Amino acid sequence: MKRQIMIMSLAILLAGAPCYAQSQPHQESIEAQLEALDLGQLSGFTELLEREYQDFLPSLNVQDLLKGTSKTPSPTELLLLLLQNFLRELYLGIHLLRQLVVIGILAALLERLSRSFGTKAVVDLAFAVCFLVLVILGLQSFQVASSVATNAINQMVEFMYSLIPMLSSLLLAVGGVTSATVFHPLLWALVGTIASLVQNLLLPMILMSTAFSLVSHFSPDLAFPKLGSLLRQGVITLLGIFFIVFSGFMVVRGAIAPVADGISLRTAKYLTKTFIPIAGSMFADTLEVVVGGSLLIKNAVGVFGLLMIMFLVATPLLKVWAMIVVYKIVGVLLQPICDQRIVQVLATMESSLTLVLIALATVALMLFLSITILVGIGNLAVFMR
Amino acid sequence: MYWREWLQTLLGLVVLLGVLEMLLPSGELAKYSKLVLGLALMLAFLQPLTILLNQDVRDLDLSWISEEASKPDVERLADNVRLAAATPFLRQDEPVLIAQMEQLLLSLDGIEEVTVHMDTQGRGSTLVEVHLRPFSDTQAETVARIVGSLLTIPENRVSVMRLADTRR
């Protein structure tokens, strides 16, 4: 308890009074650590973001770290920005909407013609052509969505690969030896595995299920409608399993490791204090200050990472979501005039795109969770001593 | 990427057979023609099965499941960070810390004389030099660990040496 109060008061002192005598080496120490960490490669990732998002990221320079008052983004501003981007994506989707509606109307017209004339086979064929064009358009927009998702996942994984070593080494530096040795290899493996499983297994599965479902509307007798829904079920189950395994690992490890760290740190301090009472406590206090600086950096880097992941996934999510909305709108528009099969095709596309959205969001959520836990563990280990 | 070809074949076949069914005259034989088309589709669907059965399962390439990038050396980065964090404080309180460290080390069992040097300005490989008398390897290891943990610097930046007789 005493230690916690001490660290907190230290943090307050450092935050409130930069001219305080203690802050000179403190600032130097933080500067040196930032230099050793080489945060430049993290800042390089901000280039991937759009201009508006970059303003919301916390800066990682010494002054802002010490003051602790880097401008906090207001939630309303952020929401407005996201809404604006969503509307922009929707506006870009107008093109797709126009194409779909025109084809739908054409198909409806052909159907009416077939009723009034008698030559059924010819009109049937024309309808089939319209239907196929619709299916091809749908598959194209699915390809766009899945490549957007793949890109986003690649970017996030690359970012994680440069963030994890930094967070782990800062975790080691603040004394979380057990946690770092447990978490670093685990996270390293899990991030790569999950990302490549989603890219190489889940997205193809979603594509297959979309294709089978779409085609089965074309000729209901000669297709595999069951296979489409089976694959969809499989995708949802796999995503659930990934998420459960991932969060289970993280939560269980996160509950145990910091306690072990805290105990080993406490033992070390107990030994120094019993060796020589006065000198021991002086050394212990120095350690507290040094660790405080590292902790400050670790939390700042962690928050930076969380926001980065959020913004990296925001644009692709909005893009896919806008596509879903376009399909919904087209479905609503065409329902009164079109054949029910066409409406079903649109519904299938919509649900497949939703699956892509869910897969992308799940990956982002897992990465988000792992950063949160990695940051939280360090704080826990420091406060446990 | 075999599954992609399979999917393409299957989808093409479904569309083709659908069109064919549409064009065929709907007579007495229509239901049989539908059966034949369905059988053809089934055959196409089961095509990967033959490959699976013929292939040795152990030859399957599953390396894509975990394409790991090479693991970076976190320990060394952590050592650098810890060193960078501690050095300014050591520089500030150098004389006091040296005196207290000597006093502390002298209180260890079996150490008669000790001197501590710090090199906080240079960027050499050793930051703290400890000279001991009498010198033993196990003792040196303990001393390095204690100094490292007290000053929060990595152990390999502490070098423990024999105190030269001439300096006595």
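The values are calculated or read from the model by the stated rules, or taken from the named source; none is laboratory data. On a predicted model such as this, the values are computed, not experimentally measured, just so you know. With ideal geometry, Cβ positions are generated from the backbone for all residues, glycine too; neighbour counts draw on all protein chains shown. The accessibility values were calculated without ligands, DNA or RNA, using every heavy atom of the protein model including side chains. Shrake-Rupley method; radii C 1.70, N 1.55, O 1.52, S 1.80 Å.
Site pair residue A:365 and residue A:35 shows an inter-label distance of 4.4 nm when each label is modelled 7 Å from Cα along Cα→Cβ. Computed in the context of the full set of protein chains, the accessible area of segment B:2-59 at 1.4 Å probe radius has 69% of its extent on carbon or sulfur. Label-to-label distance, residue B:102 versus residue A:230, with points set 7 angstrom from Cα along the beta-carbon direction: 8.2 nm. Applying the Karplus relation 6.51 cos²θ - 1.76 cosθ + 1.60 with θ = phi - 60° to segment A:40-57 yields 3J(HN,Hα) values of x, 5, 6, 5, x, 5, 5, 4, 5, 7, 7, 3, 5, 6, 4, 5, 7, 6 Hz, where x marks Gly and Pro.
Rolled with a 1.4 Å probe across the full set of protein chains, the surface gives residue B:94 an accessible area near 50 Å². For residue A:337 and residue A:144, a Förster radius of 25 Å and the Cβ-Cβ distance give a FRET efficiency of 0.40, rounded to the nearest 0.05. Listed values for segment A:231-240 are Karplus-derived 3J(HN,Hα) couplings in whole Hz (6.51 cos²θ - 1.76 cosθ + 1.60, θ = phi - 60°), namely 4, 4, 4, x, 4, 4, 4, 4, 4, x, and x replaces Gly and Pro. Computed from the C-beta positions of residue B:161 and residue A:260 and an R0 of 41 Å, the FRET efficiency is 0.75 to the nearest 0.05. Taking both sides together, the accessible area buried where B meets A is about 4900 Å² for a 1.4 Å probe. Averaged over the residues of B:11-20, the number of partner chain Cβ atoms lying within 10 Å of the residue Cβ comes to 6.
In segment B:73-162, Cα pairs under 8 Å separated by at least six residues give a relative contact order of 28 percent. Values of log10 I(q)/I(0) for segment A:115-222 across q = 0.10, 0.14, 0.22 Å⁻¹ run -0.53, -0.73, -1.12, by the Debye formula with one identical scatterer at each alpha carbon and no solvent. Among residues other than residue B:148 with Cβ under 11 Å from its Cβ, the summed charge is 0 (Lys and Arg +1, Asp and Glu -1).
Using a 1.4 Å probe and counting only protein heavy atoms, arrange B:149, A:146 so the residue with the most accessible area comes first.
The most accessible residue leads, giving B:149, A:146.
For segment B:146-152, the Karplus equation 6.51 cos²θ - 1.76 cosθ + 1.60, evaluated at θ = phi - 60°, returns couplings of 5, 4, x, 6, 6, 8, 6 Hz by residue, with Gly and Pro reported as x. Note on residue B:51 and residue A:92: their simple-model spin labels are 3.5 nm apart, each label 7 Å out from Cα toward Cβ. The local environment of residue A:326, defined by Cβ-Cβ distances under 14 Å, has a net charge of +2 under the rule Lys, Arg +1 and Asp, Glu -1. Can you send over the carbon and sulfur percentage of the accessible area for segment B:75-168, probe radius 1.4 Å, protein chains only? Summing carbon and sulfur atoms, their accessible area is 46 percent of the total for segment B:75-168. Once the partner protein chains are put back, segment A:164-195 shows a loss of at least 30 square angstrom of accessible area, versus the chain by itself, at A:165, A:169, A:172, A:173, A:184, A:188, A:193 (probe 1.4 Å, ligands and nucleic acids excluded). Around residue B:161, which amide H atoms from residues at least 5 apart in sequence, or from another chain, sit under 5 Å from its own amide H, with H modelled in the peptide plane? Amide H neighbours of residue B:161: B:130, B:131, B:132. Amide hydrogen proximity for residue B:113: with H placed 1.01 Å from N in the peptide plane, the residues at 5 or more positions away or on another chain lying under 5 Å are B:133.
Counting only protein heavy atoms and a 1.4 Å probe, segment B:73-162 has 48 square angstrom of accessible area per residue. Count Lys and Arg as plus one, Asp and Glu as minus one, and take only other residues whose Cβ is under 12 Å from that of residue A:208; the net charge is then +2.
In this calculation the C-beta distance from residue A:83 to residue A:47 is compared with R0 = 22 Å, giving a FRET efficiency of 0.35.
P(r) for segment B:2-59, from all Cα pairs and a bin width of 5 Å, is 4, 16, 22, 18, 14, 10, 8, 4, 2, 1, 0 %, short bins first.
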